Amino acid sequence: MRIPARSARRSVTATALGALLCGALLHVPQATPAAAATAAAAGPTITVPPAGSHGFPFLAAAEDLGSYGYTESEYFLSGTATSYAKSGLWTSDGRWNVRASGTAAYKSRLLVRRPTDPAKFNGTVVVEWLNVSGQIDLSPDYWFERDELLRQGYAWVGVSAQAVGVNGGLGEIKGLKGWDPARYGSLVHPGDAFAYDIFSQAGQALRAPNGPDPLGGLPVRTLLADGESQSAGFMTTYVNAVQPVSRVYDGFMVHSNSAVAAPITGSLADTLLMPNPSRIRTDLSVPTFVVLTETDVPGASVARQPDTASVVHWELAGTAHGDQWAYDLGQPTVEKSAGSAAPSADCAAGSAPFNDGPGHWAMNAALRHLAGWARSGPRPPSGQPLSTVLRDPATGLATGGVRLPDVTVPTRTLTGLRDTTDSGVFCGLYGARDPWNGDTDAWDRHDDGDPSDPSFPPTAEPVLSRLYPTHADYVGKVRTAAQRSVDAGYLLPEDATAIVAAAQDSDIGG
């Protein structure tokens, strides 16, 4: 995922999915005591970084975390990481074995946000594999889940697991080391073949720090691994091939993965050698929650699998891989560090506005479900398959899937894709919205805005005053829809309250 800059800038090519790594022995469904002992012996060293020339960490939050009762800090993580190679035949069922392939020294970093008051810590740490598709570290799931994280007292840790984030790639910022040599010049990343084990050792260090405690003494009850987009591809391989060896994490959030997992060799070309589709193995004792947006479903649907006691899937109607919420929340943070070099979505001037659908509401609920599930609580409810082909002819909305009030009481067409004429390299990942004004506009869902098109002018869109004759009618329908979503387990009560309040504050109806 990438957060676009406000002004048009030269795009950069997405980095290799590449990467592999983590434990040390033959991969088996349940790790042996010897495997656990090997992992424990590989404990990394924690140190505090120098202030550097900027005086703050890369990706330091632009928002005032103190106002939420949170503090932010950064730590270096160093040690010896193991790379992995396939052992035996890998098939689509995800029951993948690995063997140790090599070792290398590394030094990377952890970005930590935690409650200042220990009494507010809920015992759960969300460890996000930072996304590097934009050639710099980004934290998309922190932005999607931010409200739930901060109001419920989670700790969040971002891990610079991949080489591009540390060493740099094709972007203007040459990684952490190039951004602030005085702070990050000592970092060492041996390549994405070691990223899985670096991620394992990050989790291990949070449970039993060797050096300063990144969590400030907070007792860890539950450790959740989280990755979105490219990072979700790595998370799929981690779940299938590494978790049975490392046994570090208590649960996994796989957000917006594709049908094919990241290669274990670290080479982008080896994606062709990965099982297609790459499903989640179902024999683990810890849970995996897979959440797909409407953008992801066309490419990932071939990897669908029945929900089990350890794997649950949601496909979210009216959502996008990146959206307005993630942009608005994340862009100030990205610009605080990257400035004018912040990645661009490359959307054409005058193109459709980004999807502003319910992705963050669903991710809040998914996170709370996963945290409870990982502590032996109930399994989350299953979701229905989403169709991006069979769309409601009256509204243009996708059918099926997890449907929150934005799509059950609609006021605009929300899609996970956008007309290709509007899209740069990453623009399409942000989906689109078409506000219903009762007339036509340049990005109506029926039209690409070209008057020479035989379909121009487009079919008239719904008229809000006809759908909702009065404001009270609209608010009542939103309230009912929100409660149904809460009852079904797809929406949190706090978020339902916020949705109803927004409806009350709107001028929709009549």
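The values are calculated or read from the model by the stated rules, or taken from the named source; none is laboratory data. In this text the structure is predicted, and so the values were computed from the model without any measurement. A quick note on method: Cβ atoms are made from the backbone with ideal geometry, for glycine too, and the neighbour counts reach across all protein chains shown. The area values use the complete protein model at the heavy-atom level, side chains included, leaving out ligands, DNA and RNA. Shrake-Rupley method; radii C 1.70, N 1.55, O 1.52, S 1.80 Å.
A few remarks follow.
- Taking 0.36 nm per residue of sequence separation and removing the Cα-Cα distance, the Glu63/Gln483 pair yields an extension gain of 148.1 nm.
- Taking every protein chain into account, the 1.4 Å probe leaves Ser465 with about 60 Å² of accessible area, to the nearest ten.
- Seen through its C-alpha gyration tensor, with square-root eigenvalues sorted a ≥ b ≥ c, segment 80-195 comes out oblate because a/c lies at 1.5 or above while a/b is not bigger than b/c.
- Residue-level accessible surface for Phe354, protein heavy atoms, 1.4 Å, Å²: 30 Å²
- Nearest-20 debye value, the chain charge dipole, Cβ charges on Lys, Arg, Asp, Glu: 1800 debye
- Charge dipole of the chain about the Cα centre (unit charges at C-beta), most positive-ward option of Val402, Ile46, Thr415: Ile46
- For the chain, adding -39500 (n - 2.57) for each run of n ≥ 4 DSSP H residues and dividing by the number of residues yields -7500 deg cm²/dmol at 222 nm.
- Averaged over its residues, the chain has an accessible area of 35 Å² per residue, based on protein heavy atoms and a 1.4 Å probe.
- About the Cα centre, charge dipole magnitude for segment 252-388 (Lys/Arg +1, Asp/Glu -1 at Cβ), debye: 520 debye
- Projecting the Cα atoms of Phe194, Ala362, Ala104 onto the charge dipole of the chain (Cβ charges, centred on the Cα centre) puts Ala104 farthest toward the positive pole.
- With a Förster radius of 30 Å applied to the beta-carbon distance between Gln305 and Val48, the computed FRET efficiency rounds to 0.10.
- Less than 5 angstrom separates the built amide H of Tyr84 from those of Leu21, Cys22, Ser101, all sequence-distant by 5 or more or on a different chain.
- In this calculation the C-beta distance from Val220 to Thr80 is compared with R0 = 25 Å, giving a FRET efficiency of 0.60.
- For Asp213, the solvent-accessible surface computed with a 1.4 Å probe is close to 50 Å², ligands and nucleic acids excluded.
- Taking every DSSP beta bridge that has both ends in the chain, the antiparallel portion is near 55%.
- Label-point separation, Thr116 to Ala394 (7 Å along Cα→Cβ), nm: 5.1 nm
- For the chain, the fraction of 1.4 Å probe accessible surface lying on carbon and sulfur atoms is 56 percent.
- Order by protection proxy (mean Cβ within 10 Å, highest first), peptides 221-228, 312-319, 479-486: 312-319, 221-228, 479-486
- Here segment 125-268 yields Rg over Rh of 0.95, to two decimals, using C-alpha coordinates and the Kirkwood radius.
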